[in-house]
Amino acid sequence: MSIAMKRTIDLIVENAALIVPSDQQPVGLQEHAQGPVSIACANGLIVDVSTPADIAARFTAPIIHDASGCILSPGFVNTHTHTFQSLLKGLAKDLRLIDWLNSAIRPSFAKLTEEALYAATLLSCMDAVSSGTTTILDYAYASISPQSMHAVCRAMNELGIRGVLGRGYTEHFHSPVGSFMNLSEKVDTVFGNVLELVQEFEGTPITVFLAPTAIHNISVSGLKATADFSSKHNIPVTMHINETTLDDEYCRNQHNCTCTELLETSGLLDQPFLAVHCVEMSGADIARFARHNVSISNNPVSNLIMGSGIAPVRRMLDAGLNVAFGTDGAGSNDTQNMLDTIRIGTLVQKGFCKDPMALSARQALEIATSNGARAVGLGSVTGSIEAGKAADFVLFDFDGSYAQPIHDPCSALVYQSERDNVAAVFVAGEKIFANGTFMKVDKDAILDDIGRISQAMGSHAAV
């Protein structure tokens, strides 16, 4: 075939070893599963995945990235974090959840500015990208003003990550101790801001979720209004659920039911719903979520640091629930490293179940990629390497690494890899990170801003 007959596209990534977290190879590659592949990309999408010879014969591109020796994986999807907390690393450690909130997190609200939220979002997303994350859901409950949420979205968009803004809101602010900035809002005000955000970032990789902060911070009428708004505008909902026993205790005392029962009767479970943490889950809770096709964001590192426990992931998967991974915010986790989350999340399930087969490396990668994409409402957009999906992928290079030798690429990614192995990150076919360098933002300038802002905020933790 002559060059003139080739289709001109935007990008070809050639000669990579393809990781497929699920059992199904891309169409046409079943017979080439052990050999290198090339990926053709145009207009932000994967056009074709095939052998290097086939792609070279049919396509040409101005950018050809040689991935020889690299493992290519779908980008990781971080389904839960709080990007503003990158300003709060190391504060009020080794405390129980409520004590930690009142010592480190809530006192920060009054000191946050739009500039601080913008810089913190950039830092958190840089942290995430450098560990192979291509999509991130920011559960942004530090909504110091409606305009502050626009700053968070702009930061994600400028870095180039595929961002999902969970527009956090508190209807009734309850705090057992202390006097903090009250972030209470009327739900109608929140809904108006959500529609503004959807309109402003239409056509970008930024999408929006509704994110009521906790079951004890919103009224029954607020839950029902959220369900109605979600249904009318097709906007999914995410919410912290059963991180500890406190949610069920509150619901039994105030509503004479469990937390998941209240979610069901309010209509929220009839909408696309992403439940975060889900550590304290009874068999009835899991069955109820399964009936409503709820997705779960498992945050194993944060749950361990806070002493909250271990979510029953194996039981959830066996019930048919879509389980994904999240790092949680850097205030509890101290990092946005998805490689850490995947590895620890896999190991703790083996220990929790006393079964080394409770969660395999391949299953863990599926949880971190395609499951995550479904959880954040982007299952048809990203999460796997196949024609028609967004060109969101990561190249891992183990050459010269202590991870050598690589006998099983899936096991290598889950159990052996470090940040240093992340060679390049692509989102919508655009390289946004390579060899430790961010392509669209100035890392040093952002770190300087973080240092200045952090110093101005001061250390406020009551430890």
### Subset of the stretch 386-440 that is of a type in the set (Phe, Trp, Tyr) and within 15 Å of ILE39 (Cα to Cα) - its residue that is surrounded by the fewest Cβ atoms within 10 Å (Cβ to Cβ)
PHE426
### Message
Can you tell me which condition ALA445 does not meet? The list is (1) surrounded by fewer than 18 Cβ atoms within 10 Å (Cβ to Cβ); (2) over 17 Å from LEU123 (Cβ atoms); (3) of a type in the set (Gly, Ala, Ser), and all the others hold.
### Response
(2)
### Summary
Checked the stretch 372-400 for anything under 17 Å from SER50 (Cα atoms) and of a type in the set (Gly, Ala, Ser); matches are SER384, ALA387, GLY388, ALA390, ALA391
### Query
So, of the residues in the stretch 72-102 that are part of a helix (DSSP H, G or I) and aliphatic (A, V, I, L, M), which turns out to be farthest from VAL13 (Cα to Cα)?
ILE98
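Name the one entry in ALA56, ALA67, ALA104 that is crowded, with 21+ Cβ neighbours inside 10 Å and either polar (S, T, N, Q) or modelled with pLDDT of 95 or more (or both).
On inspection, the qualifying residue turns out to be ALA67.
Every residue, every condition in (1) at pLDDT below 95; (2) under 28 Å from ASP66 (Cα atoms), yes or no:
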site: LYS354; (1), (2): no, no
site: GLU366; (1), (2): no, yes
site: ALA375; (1), (2): no, no
site: SER380; (1), (2): no, yes
site: GLU386; (1), (2): yes, yes
site: SER411; (1), (2): yes, yes
site: LYS431; (1), (2): no, yes
site: LEU447; (1), (2): no, no
site: SER459; (1), (2): yes, no
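Go through the stretch 107-128 and report how many residues are β-branched (Val, Ile, Thr) and surrounded by fewer than 24 Cβ atoms within 10 Å (Cβ to Cβ).
Selection size over the stretch 107-128: 1.
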### Task
Please go through the stretch 305-357 and pick out each residue that is crowded, with 20+ Cβ neighbours inside 10 Å and either free of Cβ contacts under 8 Å to residues at least 24 places away in the same chain or of a type in the set (Val, Ile, Thr) (or both).
VAL313, VAL323, THR327, THR341, ILE342, THR346, VAL348
### Query
ILE98 is checked against (1) within 28 Å of LEU304 (Cα to Cα); (2) surrounded by 15 or more Cβ atoms within 10 Å (Cβ to Cβ); (3) not hydroxyl-bearing (Ser, Thr, Tyr) and fails just one. What number does that condition carry?
(2)
### Query
Given the structure, is SER131 surrounded by 21 or more Cβ atoms within 10 Å (Cβ to Cβ), touching a Lys or Arg at 6+ places or on another chain (Cβ under 7 Å) and not in a helix (DSSP H, G or I)?
yes
### Task
Scan the stretch 271-304 for residues that are in contact with a strand residue (DSSP E or B) (Cβ under 8 Å, 6 or more places away or on another chain) and either of a type in the set (A, V, I, L, M) or without any contact (Cβ under 8 Å) to a residue 24 or more places away in the chain (or both) and jot them down.
LEU274, ALA275, VAL276, VAL294, ILE296
### Query
What residue, of ALA364, ALA423, is out of contact with any Gly (no Cβ under 6 Å at 6 or more places or on another chain), of a type in the set (A, V, I, L, M) and in a helix (DSSP H, G or I)?
ALA364
### Task
Hey, could you check the stretch 194-242 for residues that are of a type in the set (S, T, N, Q), out of contact with any Phe, Trp or Tyr (no Cβ under 7 Å at 6 or more places or on another chain) and in a loop (DSSP other than H, G, I, E, B) and say which is nearest to SER184 (Cα to Cα)?
SER219
### Query
From the list VAL301, VAL279, VAL237, which residue is over 16 Å from the mean Cα position of the chain (by Cα) and within 16 Å of HIS80 (Cα to Cα)?
VAL279
## Note on the structure
Restricting the stretch 138-154 to residues that are outside any helix (DSSP H, G or I) and not polar (S, T, N, Q), the one surrounded by the most Cβ atoms within 10 Å (Cβ to Cβ) turns out to be ASP138
### Query
Is it the case that some residue within the stretch 85-97 is out of contact with any strand residue (DSSP E or B) (no Cβ under 7 Å at 6 or more places or on another chain), within 30 Å of SER411 (Cβ to Cβ) and assigned by TED's automatic domain parsing to the domain that holds LEU304?
no
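The values are calculated or read from the model by the stated rules, or taken from the named source; none is laboratory data. Given the structure is predicted, the values throughout are model-derived calculations rather than measurements. Cβ atoms come from the backbone with ideal geometry, glycine included; neighbour counts cover every protein chain shown.
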